Every structure is written in C-alpha cells, then in structure tokens.
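To start, the structure under review is shown below, and the notes come after it.
The values are calculated or read from the model by the stated rules, or taken from the named source; none is laboratory data. Keep in mind that this is a model prediction, so the values were computed, not measured. Virtual Cβ from ideal backbone geometry, glycine too; neighbours counted across all protein chains shown. Accessible surface is based on the protein model in full, side chains and every heavy atom, while ligands, DNA and RNA are left aside. Shrake-Rupley method; radii C 1.70, N 1.55, O 1.52, S 1.80 Å.
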Amino acid sequence: MDIVHGWQEVPQHVKGGSLAIGAFDGVHRGHRAVLGAAKAKAGSDGALPVGAMIFEPLPRMYFQ
C-alpha cells in the first residue's frame with residue numbers, strides 16, 4: 001500500500017492506474033460499487049494498479 005499526500009508524490013509504479021475518488025467514511029454498498037468500477041476500469045487481469053483517493057478532513061467537516 002502506498003500513501004500519497006499530493007500529486008507530486010505519486011510513485012511511478014502506480015501511474016496509469018485506476019483511482020476511485022470519494023469521501024470513504026466506511027465501505028458500504030455504494031462505496032463498494034465505486035471501488036468495483038475502478039477495478040473494472042483497471043482490467044480484470046490485475047495489470048494496472050487500483051487505488052482510492054480520500055479527503056482529510058472529510059469535506060462535510062471542512063464546510064461545516
């Protein structure tokens with residue numbers, strides 16, 4: 001697992017992969033669908049990396 005704190009830090013081995021973007025405050029049915037779509041875009045052979053981009057703090061905390 002790679003934790004990246006900015007687009008400038010993206011390691012070369014994950015570039016070109018598929019990224020799910022959201023406020024993943026838990027992995028419920030909707031989040032599984034988003035992650036599944038990212039995995040499907042990456043391909044079933046596992047050749048491309050799949051990741052999730054989360055927000056810290058969560059947007060609802062920032063805008064309250």
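List of remarks:
- Flag for residue 31 being in a helix (DSSP H, G or I) and open to solvent by less than 40 Å² (accessible area, probe 1.4 Å): yes
- Members of segment 5-17 found to be assigned to a helix (DSSP H, G or I) and open to solvent by 60 Å² or more (accessible area, probe 1.4 Å), listed by number: 7, 8, 9, 12, 13
Yes/no matrix, rows are residues, columns are (1) in contact (Cβ under 8 Å) with a residue 40 or more places away in the chain; (2) outside any loop (DSSP other than H, G, I, E, B); (3) over 13 Å from the mean Cα position of the chain (by Cα):
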residue: 2; (1), (2), (3): yes, no, no
residue: 19; (1), (2), (3): no, yes, no
residue: 24; (1), (2), (3): no, no, no
residue: 36; (1), (2), (3): no, yes, no
residue: 39; (1), (2), (3): no, yes, no
residue: 45; (1), (2), (3): no, no, yes
residue: 51; (1), (2), (3): yes, yes, no
residue: 61; (1), (2), (3): no, yes, yes
residue: 64; (1), (2), (3): no, no, yes
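- Considering the conditions (1) out of contact with any Asp or Glu (no Cβ under 8 Å at 6 or more places or on another chain); (2) surrounded by 14 or more Cβ atoms within 10 Å (Cβ to Cβ); (3) not β-branched (Val, Ile, Thr), residue 51 is excluded by exactly one of them, (1).
- Residue satisfying all of: in segment 18-28; closer than 24 Å to residue 60 by Cα and touching a Gly at 6+ places or on another chain (Cβ under 8 Å); surrounded by the most Cβ atoms within 10 Å (Cβ to Cβ) among these: 20
- Scanning segment 20-33 for residues that are over 23 Å from residue 9 (Cβ atoms) and either at pLDDT 85 or above or touching an Asp or Glu at 6+ places or on another chain (Cβ under 6 Å) (or both) gives 28, 29, 30, 31, 32, 33.
- Residues being touching a Phe, Trp or Tyr at 6+ places or on another chain (Cβ under 9 Å) and not charged (D, E, K, R) are represented in segment 33-43 by at least one member.
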